[in-house]
Amino acid sequence: QVQLVESGGGLVQAGGSLRLSCVASGRTFSSYIMSWFRQAPGKERRFVAAISRSSGNTYYADSVKGRFTISRDNARNTLYLQMNSLKPEDTAVYLCAAGKNIGAFRPHEYDYWGQGTQVTVSS
């Protein structure tokens, strides 16, 4: 069992930056593929970024490539998402997720989810 708690969301102007964190409970954090998803009101949950167990591989949605950076610190059981050059269309609830399969980009492929943190980007 893994519990995930996100933080770091907020209101920011377009062009600004935010850094999201996701802290995991338990001693098995390093055994999971970790990802960020986002969900805007009335829309489906969408993949944002993923990182392999040892940080050797990262994956990004085309919409955030070059602006967002995913990273993890296994010693601190923490996942991060650095978001730069934010746009109004990045506004959503951001959720972290833990899974077992690298290359998994669909929500149903993940085992554990956090509650999410709201990111709002004003124009």
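The values are calculated or read from the model by the stated rules, or taken from the named source; none is laboratory data. Just so you know, these numbers come straight off a predicted model, no measurement behind them. Cβ atoms come from the backbone with ideal geometry, glycine included; neighbour counts cover every protein chain shown. Surface areas here come from the heavy atoms of the whole protein model, side chains and all, with no ligands, DNA or RNA. Shrake-Rupley method; radii C 1.70, N 1.55, O 1.52, S 1.80 Å.
Results, tabulated for the structure shown:
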{"item": "Relative compactness, the chain, computed as alpha-carbon Rg over 2.2 N^0.38 Å", "result": "0.97"}
{"item": "Reachable aspartates and glutamates, given that their alpha-carbon falls under 14 Å from the alpha-carbon of residue 43 and they are not under 8 places away in the same chain", "result": "89, 90"}
{"item": "Cβ-based net charge around residue 102, under 11 Å, with every Lys or Arg adding one and every Asp or Glu removing one", "result": "+1"}
{"item": "Linear extension gain, residue 89 paired with residue 5, 0.36 nm per residue minus alpha-carbon span", "result": "27.9 nm"}
{"item": "Most fluctuating residue given options 79, 11, 20, as computed from a GNM of the chain linking Cα atoms under 10 Å", "result": "11"}
{"item": "Top of 111, 73, 62 by mean-square fluctuation, Gaussian network on the chain, Cα under 10 Å", "result": "62"}
{"item": "1.4 Å probe accessible area per residue over region 33-123, in Å²", "result": "50"}
{"item": "Lysines with Cα under 19 Å of residue 65, excluding same-chain neighbours fewer than 8 positions away", "result": "87"}
